[in-house]
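The values are calculated or read from the model by the stated rules, or taken from the named source; none is laboratory data. Because the structure is a prediction, the values reported are computed rather than measured. Heads up, the Cβs are rebuilt from the backbone with ideal geometry, glycines too, and the neighbour counts pull from every protein chain shown. With ligands, DNA and RNA removed, areas are computed over all heavy atoms of the protein, side chains included. Shrake-Rupley method; radii C 1.70, N 1.55, O 1.52, S 1.80 Å.
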Amino acid sequence: MTTESVPARSSTARVVVASLVGTTVEWYDFFLYGSAAALVFNKLFFPAHDPLVGTMLAFITYAVGFVARPLGGLVFGHYGDRLGRKKLLVLSLIMMGGATFLIGLLPTYQAVGVAAPLLLTALRLVQGFAIGGEWGGAVLIVSEHGSAEKRGFWASWPQAGVPLGNLLGTAVLAVLAAVQSDEAFLAWGWRVAFLLSGVLVLIGLWVRLAVAESPLFLEAASKAAEQGEEQKPPILEVLRRYRSEVLTAMGARFAENVVYYVLTSFVLTYVATFLELPRSVALNASLIAAVVHFISIPLWGALSDRVGRRPVYLVGAIGTGVWAFFFFTMLDTKSFFAITVATTIGLVFHGAMYGPQAAYFAELFGTRVRYSGASIGYQLASIVAGSLAPIIATALLAAFGSAVPISIYVALCSVVTIVAVVRSPETRERDLAADHGI
């Protein structure tokens with residue numbers, strides 16, 4: 001491998017802005033699909049007599065994106081640990097934006113039959129593959145630039161790009177739904193939100209290309225080259241030396257991932273289909289909640305710099321497990337105010353897990369395998385957690401006609417995360433330049 005001299009370090013603020021903008025664009029694309037699956041795709045690509053059946057079919061393609069994420073994390077992690085964080089971040093943004101733009105051009109089931117859902121599924125796979133590589137690179141390039149004392153705060157900003165992307169996607173759909181009739185929205189209005197991705201990707205690329213490569217990566221690569229070390233595939237090193245760290249990341253990720261997709265994707269189905277309220281109720285409630293969520297994530301990240309990653313993470317895990325039983329009760333009031341408060345509080349508890357998560361996972365692995373290790377732990381959990389959450393929640397609702405089983409499901413997931421975090425070491429004081437493998 002050829003190495004380059006270590007360049008001047010980009011300012012932390014510049015790196016944070018670049019990561020935040022790029023992450024926002026990619027998650028706008030990814031979450032836009034989730035919202036469309038609940039509101040549009042179940043009618044245009046998976047027609048069925050029972051609305052819940054059509055929604056479940058749409059969510060299955062939504063889950064396909066999660067299945068592709070670990071593969072994306074593995075491939076991007078491998079080359080991110082070999083070639084650098086920045087190059088792979090640019091590639092992931094191009095792949096995600098291209099797939100989302102093409103979804104906006106797809107013909108419907110009525111026009112081309114079964115080819116429509118097949119093409120939709122293929123593009124969803126590309127989205128999943130791209131987002132699988134995005135997360136690790138975005139949080140690591142910030143973690144490896146920023147100061148150790150404020151790592152939790154700085155690394156939380158790419159995490160904040162997730163609700164910001166969701167906020168942007170929900171806002172676009174809400175505006176389109178508000179200014180169009182239901183017929184126009186289903187006929188062509190929803191496509192505007194997907195085609196807009198082309199413009200957002202160009203903005204994201206312009207910002208992301210302006211930052212320097214991670215200095216820790218360049219230093220580690222230069223040192224390895226000077227010593228003439230043979231480079232082993234990063235995944236083999238992760239599996240040999242960091243198995244417990246991968247399991248810790250997966251367990252910590254479990255409840256966080258499930259809770260988020262229940263609060264942001266399934267809630268649209270519950271409010272619009274089960275409660276039979278206008279879709280604008282759920283969209284506007286999600287819009288307000290996403291703003292608060294965006295603000296809360298860096299605050300939780302900053303708190304983790306003061307008291308540690310584990311205490312803050314446990315507040316989120318315990319809080320979401322308990323709040324699940326209040327959440328649906330408040331939704332059932334059919335009050336817009338109650339629905340908004342329920343979703344907002346749930347997302348604030350989620351932020352307590354998501355805020356410190358980037359620094360927490362980065363601190364579990366050594367620099368030479370950090371992209372691979374963090375990505376694998378993060379993305380593997382998404383297969384059995386976030387990908388299945390809307391499907392399981394919809395199936396439980398269809399089977400029992402009640403949200404109580406869904407609350408129990410969320411609470412059990414929280415227990416998994418609580419156990420994983422309690423059993424793991426505190427990482428706040430760790431030096432990212434050191435090797436923590438066991």
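How big is Rg to Rh over the chain, alpha-carbon atoms, Rh as the Kirkwood inverse-mean-distance radius?
Reported Rg/Rh, Kirkwood definition of Rh: 0.97.
Can you give me the % of accessible surface on the range 158-204 that is carbon or sulfur? Probe 1.4 Å, all protein chains present, nothing else counted.
Of all accessible area on the range 158-204, carbon and sulfur atoms account for 79 percent.
How would the range 189-346 be classified by its alpha-carbon gyration tensor: rounded, prolate or oblate, with rounded meaning a/c under 1.5 and the a/b versus b/c comparison settling the rest?
Values: a/c = 2.52, a/b = 1.67, b/c = 1.51.
Cα axes put the range 189-346 in the prolate bin.
How big is the shadow of the Cα convex hull of the range 92-237, averaged over all directions, in nm²?
So the Cα hull casts an average projection of 12.2 nm².
Gap in Å between the Cα centre of the range 273-297 and the Cα centre of the range 326-389?
Their Cα centres are 16 Å away from one another.
Could the peptides 400-410, 153-163 be put in order, highest first, of the mean number of other beta-carbon atoms found within 10 Å of their residues?
Ranking the peptides 400-410, 153-163 by packing returns 153-163, 400-410.
List the pairs from 150/334; 86/150; 150/232; 87/223 whose alpha-carbon separation is above 30 Å, in the order I gave them.
Details: 150/334 42 Å; 86/150 22 Å; 150/232 32 Å; 87/223 20 Å.
Among 150/334; 86/150; 150/232; 87/223, the Cα-Cα distance tops 30 Å for 150/334; 150/232.
Helix-only mean residue ellipticity at 222 nm, the chain, DSSP H runs n ≥ 4 weighted -39,500 (n - 2.57), per residue, nearest 500. What is it?
After summing the helix terms and dividing by residue count, I get -25000 deg cm²/dmol.
Given springs between every Cα pair under 10 Å in a Gaussian network model of the chain, which of 74, 120, 412 has the largest fluctuation?
Of 74, 120, 412, the Gaussian network model singles out 412 as fluctuating most.
Using only Cα atoms, what Kirkwood radius does the range 339-399 have, in angstroms?
Across the range 339-399, the inverse of the average 1/r is 13.9 Å.
At 1.4 Å probe size, with every protein chain present, just tell me what the per residue accessible area of the range 350-438 comes to in Å². Kindly include the intermediate steps, with their values, before the conclusion.
Working: 2810 Å² over 89 residues.
Value for the range 350-438: 32 Å² per residue.
At what distance in nm do the modelled label points of residue 90 and residue 400 sit from each other, each positioned 7 Å from its Cα along Cα→Cβ?
It is 5.1 nm.
Based on DSSP H assignment, which helices of the chain show an axial Cα extent of at least 18 Å together with a mean Kyte-Doolittle hydropathy greater than or equal to 1.6?
Those that clear 18 Å and a mean of 1.6 are 404-423.
Taking a probe of 1.4 Å, how large is the accessible area per residue of the range 149-232, in Å²?
45
Taking the Cα centre as origin and putting +1 on Lys and Arg beta-carbons and -1 on Asp and Glu beta-carbons, what dipole magnitude results for the range 329-438, to the nearest 20 debye?
140
Can you tell me the dipole magnitude for the chain around its Cα centre, using point charges on the Cβ only (Lys, Arg +1; Asp, Glu -1), in Debye to the nearest 20?
That gives the chain a dipole magnitude of about 220 debye.
Take the alpha carbon gyration tensor of the range 308-438, find the square roots of its eigenvalues, order them as a ≥ b ≥ c, and report rounded if a/c is under 1.5; if not, report prolate when a/b exceeds b/c, else oblate.
Prolate, because a/c is 1.5 or more and a/b exceeds b/c.
For the chain, what's the relative contact order in percent, using C-alpha pairs closer than 8 Å and at least 6 residues apart?
26
Could you give the size of the charge dipole of the range 198-341 about its Cα centre, using +1 on the Cβ of each K and R and -1 on the Cβ of each D and E, expressed in debye and rounded to the nearest 20?
Computed about the Cα centre, the dipole is about 260 debye.
When the distances between all Cα atoms of the range 289-368 are binned every 5 Å from zero, what whole-number percent does each bin get?
3, 17, 22, 20, 16, 10, 7, 4, 1, 1, 0
Please find the FRET efficiency linking residue 291 to residue 43, where r is the Cβ-Cβ separation and R0 is fixed at 41 Å, and quote it to the nearest 0.05.
FRET efficiency, residue 291 to residue 43: 0.90.
Suppose R0 equals 51 Å; then what is the FRET efficiency for residue 83 and residue 179 from their Cβ-Cβ distance, rounded to the nearest 0.05?
Taking R0 as 51 Å, the efficiency between residue 83 and residue 179 is 0.70.
Out of 124, 82, 253, any idea which swings most in a Gaussian network model of the chain, alpha carbons joined below 10 Å?
82
How would you classify the range 176-272 from its alpha-carbon gyration tensor, with a ≥ b ≥ c the square roots of the eigenvalues: rounded for a/c under 1.5, else prolate if a/b is greater than b/c, otherwise oblate?
It is oblate, given that a/c is not under 1.5 and a/b is not larger than b/c.
Between 34, 72, 113, which gets the highest mean-square fluctuation from a Gaussian network model of the chain, Cα cutoff 10 Å?
Ranking 34, 72, 113 by mean-square fluctuation puts 113 first.
Could you check the spin-label model distance between residue 415 and residue 332? Points 7 Å from the Cα along Cα→Cβ, value in nm.
In this crude spin-label approximation the distance works out to 2.2 nm.
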